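Have a look at the structure below before the remarks.
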Amino acid sequence: MNAPVSPADTLRGALADLLDGLPPRQAAGVVDRLIANYRGRTPTDAPVLRNRADVVAYAAYRMPATFEAVRTALEAFADTVPGWAPAGHLDLGGGTGAATWAVSATWDGERPVTVLDWAEPALALGREIAAANPALKTAEWRRSRVGAGLTVESVDLVTVSYVLGELTDADRAGVVDAAAAAGEAVVIVEPGTPDGYARVIEARDRLIRAGFRIAAPCPHSAACPIVPGEDWCHFSARVSRSSLHRQVKGGSLPYEDEKFSYVAAARFPVTPAASRIVRRPQIRKGQVLLDLCGPDESLHRTTVTKRHGALYRAARDTSWGAPWPDTDPAS
Ligand SMILES: C[S@@+](CC[C@H](N)C(=O)[O-])C[C@H]1O[C@@H](n2cnc3c(N)ncnc32)[C@H](O)[C@@H]1O
């Protein structure tokens with residue numbers, strides 16, 4: 001019997017098929033323009049993704065990375081709410097649907113799914129790709145501007161992935177407030193840059209003021225201990241590179257690491273991690289250094305050595321972004 005194909009593999013296959021229809025030089029040219037556009041970071045009053053070539057290039061180039069980032073954030077959230085699964089999902093600024101794939105990869109089964117975006121070509125392509133995923137067969141792809149004044153129907157889970165950076169201050173606040181008003185749970189993902197982190201923290205504050213509890217990555221719903229401007233909280237997801245990636249970026253590595261910042265929050269009870277590993281663990285001879293965000297609003301480093309036995313073995317196997325038990329190895 002063949003092993004079931006994961007949503008991640010199905011998505012990779014669907015994106016590879018897409019590129020067959022786009023001449024490589026044209027795809028590379030469109031990607032260059034999109035990268036320049038996204039670097040500009042100026043909120044526009046018209047969609048950046050204007051036609052099929054734009055969205056095919058976006059999907060092939062960026063969707064594997066945004067999918068992996070959102071999936072990693074959702075898995076961290078799912079760990080804090082064992083037994084919970086969303087009965088419905090709304091994706092704001094969903095574009096070609098990376099977050100809808102990530103939700104289907106995190107929780108089995110079908111659920112009503114709605115994607116709102118103002119770029120019709122992105123929605124059309126999202127719908128086309130989603131035909132390969134049984135969990136998304138009935139998804140609704142609806143053209144809509146998201147921003148100040150947005151109101152949406154109540155739903156279990158709202159995702160906002162790689163969108164806030166494209167919005168004006170007022171629209172960004174409006175989208176987070178709309179997500180908070182509609183969702184039982186809200187997951188927001190941004191690029192893992194100082195600016196992306198700043199937008200995540202702003203959203204985190206709004207969600208807490210709206211009555212949400214933070215589920216991940218933070219171990220608490222109190223203030224973030226990072227001093228603004230000195231550091232930024234972010235994580236990393238490994239992404240297999242597509243042929244378009246290799247063509248545009250050169251190099252021979254078969255993967256790259258997508259850096260992202262996120263917050264997951266819920267109106268219902270959650271059990272956040274005791275502590276979370278906020279840097280890549282440093283493995284030295286006989287010891288592992290872990291940078292942790294702890295339950296007491298503190299950032300601190302702990303050293304786990306061989307004499308800590310099982311904890312040391314756990315430290316050697318753990319990774320950046322994983323939860324860590326509330327144990328003091330010195331004791
Ligand atoms: C960087 S893409 C991210 C797409 C998708 N969420 C993902 O994670 O791959 C940003 C998306 O936000 C949409 N967008 C930006 N501003 C918008 C607005 N004011 N109203 C609706 N959609 C918007 C764009 O059309 C685009 O699809």
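Remarks
- Computed P(r) (all Cα pairs; the chain; 20 Å bins; percent): 31, 58, 11, 0
- Amide H contacts of ALA216 (H built 1.01 Å from N, under 5 Å, at least 5 apart or other chain): ALA264
- Furthest towards positive pole of dipole, GLY286, ALA222, SER236, structure part segment 219-331, Cβ charges: GLY286
- Counting only Cβ charges, +1 for Lys and Arg and -1 for Asp and Glu, the dipole size of the chain around its Cα centre is about 960 debye.
- 3J(HN,Hα) along segment 56-63: 5, 5, 4, 4, 5, 8, 9, 4 Hz, from the Karplus curve 6.51 cos²θ - 1.76 cosθ + 1.60 with θ = phi - 60°, whole Hz, x for Gly and Pro.
- Computed E for ARG313/ARG284 - FRET, C-beta separation, R0 22 angstrom, nearest 0.05: 0.90
- For CYS233, residues with placed amide H under 5 Å, excluding near neighbours: none
- Förster-model FRET efficiency, 30 Å R0, GLN26 and TYR255, C-beta, rounded to 0.05: 0.75
- Taking θ as phi - 60° and the Karplus parameters 6.51, -1.76 and 1.60, the scalar couplings of segment 185-191 work out to 9, 10, 10, 10, 10, 9, x Hz in sequence order, x denoting glycine and proline.
- For segment 139-149, 3J(HN,Hα) per residue [Karplus equation, 6.51 cos²θ - 1.76 cosθ + 1.60, θ = phi - 60°, Hz, x = Gly/Pro]: 4, 9, 10, 10, 6, 7, 7, 10, x, 4, x
- Here ALA131 and VAL48 are evaluated by their C-beta separation; at R0 = 30 Å the FRET efficiency comes out at 0.75.
- Between segment 283-313 and segment 76-117, the alpha-carbon centres lie 33 Å apart.
- Helix 194-209 vs. the chain, principal-axis angle (Cα, 0 to 90°, nearest 10): 80 degrees
- Potential lengthening between ALA124 and ASP9 on full extension [0.36 nm per residue; Cα-Cα distance subtracted]: 39.3 nm
- Helix 169-182 axis, angle to the chain major axis (alpha carbon atoms, nearest 10°): 80 degrees
Since every read-out is calculated from the coordinates, none of them should be taken as a lab result. If you're wondering where the values come from, they're calculated on a predicted model, not measured in any experiment. Note: ideal-geometry Cβ built from the backbone for every residue, glycine included; neighbour counts use all protein chains shown.
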